[in-house]
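J.: A single structure is presented below for examination.
The values are calculated or read from the model by the stated rules, or taken from the named source; none is laboratory data. Note that this is a predicted model, so its numbers are computed, not measured. Backbone-built Cβ (ideal geometry, glycine too); neighbour counts: all protein chains shown.
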Amino acid sequence: MKKLTIILGVAALAWGGVHLIPDGENHATVERIIDGDTLDASIKRKTVRIRLLNIDTPEIGQEGNPSECFAEDAKQRLGELVPPGTKVHLEYDQERTDKYGRTLAGVFLEEQFVNEQLASEGLARAILVEPNSRFYQQIRDAETSSRATGVGIFGATPGCFTADQELQDAIDSIIQEDRALAETDLNDPASISVTRKRLKTIKRQLDRLMNTVGQNELYYEEDLARFLDEIGQHAENASKQLEDTAARARALEAERKARELEERRRLAEEKRKNEELKTQQNQIPSPPAPDATNPNQHSAPSAPVVDNYTGCRAYGGNYVLGNVDKNGRRYAKIDCSTKIQIG
């Protein structure tokens, strides 16, 4: 019965995806920290490179190249959790090694699951590489809080998406264009020309960056892809708004030209009528000149001559008013004493 129980227990463990490890191989002593998810440990006096299961941390720069953001932080934290000389317990999944020959394991320090701890602090993310899924969900749950609060790698900004300087320069450039686009008054028709050029620049940069992302292995590839999608959405929205502005500008210009045309027509019609009236006036015949040979035609009496007489005058009464003073009034010249008309 005892033998049967052991057999059933072994079968249950195998069915659950856990490989039984020969005695001694699940105990190790840390020798050196390689990076945030890799360490060297001594197992049965043999140095073994351990790759922590179901987590991934940013890469440490090699051959003088810069490290990815939070790579050094993750390495330092792993060194704090299990510094060299620490005795740890290892647990395995279905596949014991990866294609690089590293041993794949969950690292435990007493009751602390180191893989999970790094994820909970935002220094590692959960990854699933089939068939090794034993710790994936546990680590995925552990990173939930740090994801929600944007801690560590989950709060990485665009300036942190790559350690490649040329690629980072391209990211910085498109960030500048996107900011300039955001500061542009897209409702101002005067901005149409320069904004269209900026949108072409952004599209060209997006195409180049997306192509570069597809050709390189980046720890923050998903973050960069989301960022580029946001930039693309900004550009698309701006393009639509700009076209609305251009349409309004065209409508206003059409209205202005229509008003100008109407004013020109009005002025032309006014000019035509004035010229027509002038022509009609020129066609009215002038009255005939007086016929000097017609005895029945009387000429108008000539206006009286204004003189410089300074004697006595009568401006009324029974006198013949045949003179005109300087004010144009008619009068008769009379004797000052007798009042008899003398002129």
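J.: Any residue in the range 243-264 that is in contact with a helix residue (DSSP H, G or I) (Cβ under 7 Å, 6 or more places away or on another chain), under 21 Å from SER173 (Cα atoms) and at pLDDT 90 or above? I'd like the intermediate steps shown before the answer.
T.: First, pick out the residues of the range 243-264 that are in contact with a helix residue (DSSP H, G or I) (Cβ under 7 Å, 6 or more places away or on another chain): 245-246, 249.
Keeping just the survivors that are under 21 Å from SER173 (Cα atoms) gives none.
Looking for residues that are in contact with a helix residue (DSSP H, G or I) (Cβ under 7 Å, 6 or more places away or on another chain), under 21 Å from SER173 (Cα atoms) and at pLDDT 90 or above, one finds none in the range 243-264, hence no.
For (1) touching a strand residue (DSSP E or B) at 6+ places or on another chain (Cβ under 7 Å); (2) of a type in the set (A, V, I, L, M), each residue gets a yes or a no:
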residue	(1), (2)
ARG125	yes, no
SER145	no, no
ILE153	yes, yes
THR157	no, no
GLN165	no, no
SER173	no, no
ALA182	no, yes
PRO189	no, no
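J.: While we're on this one: Restricting to the range 212-237, and then to whatever is in contact with an Asp or Glu (Cβ under 7 Å, 6 or more places away or on another chain) and assigned to a helix (DSSP H, G or I), can you tell me which residue is nearest to LEU167 (Cα to Cα)?
T.: Ranking the qualifying residues of the range 212-237, first place goes to VAL213.
J.: Those residues that are crowded, with 18+ Cβ neighbours inside 10 Å and not polar (S, T, N, Q), I need them from the range 115-133; list them, please.
T.: GLU116, LEU118, ALA119, GLU121, GLY122, LEU123, ALA124, ARG125, ALA126
J.: Checking GLY152 against (1) within 21 Å of LEU224 (Cβ to Cβ); (2) at pLDDT below 95, which single condition isn't satisfied?
T.: Failed condition: (2).
J.: Does any residue of the range 315-338 turn out to be modelled with pLDDT under 60, in contact with a Leu (Cβ under 9 Å, 6 or more places away or on another chain) and surrounded by 10 or more Cβ atoms within 10 Å (Cβ to Cβ)? Break it down stepwise before answering.
T.: Filtering the range 315-338 for residues modelled with pLDDT under 60 gives none.
No, because not a single residue in the range 315-338 is modelled with pLDDT under 60, in contact with a Leu (Cβ under 9 Å, 6 or more places away or on another chain) and surrounded by 10 or more Cβ atoms within 10 Å (Cβ to Cβ).
J.: Additional query: Test LEU228 against the criterion of being at pLDDT below 90 and surrounded by 10 or more Cβ atoms within 10 Å (Cβ to Cβ), and give yes or no.
T.: Details: at pLDDT below 90: no; surrounded by 10 or more Cβ atoms within 10 Å (Cβ to Cβ): yes.
It is false that LEU228 is at pLDDT below 90 and surrounded by 10 or more Cβ atoms within 10 Å (Cβ to Cβ).
J.: Can you tell me which of (1) in contact (Cβ under 8 Å) with a residue 60 or more places away in the chain; (2) closer than 30 Å to LEU167 by Cβ is the one ALA249 doesn't meet?
T.: (2)
J.: So which pairs qualify, if the first residue must be in the range 128-150 and basic (Lys, Arg), the second must be outside any helix (DSSP H, G or I), the Cβ gap must be under 6 Å, and the two must be at least 6 apart or on different chains?
T.: Correct list of pairs: ARG134/GLY17; ARG134/ASP93; ARG140/ALA126.
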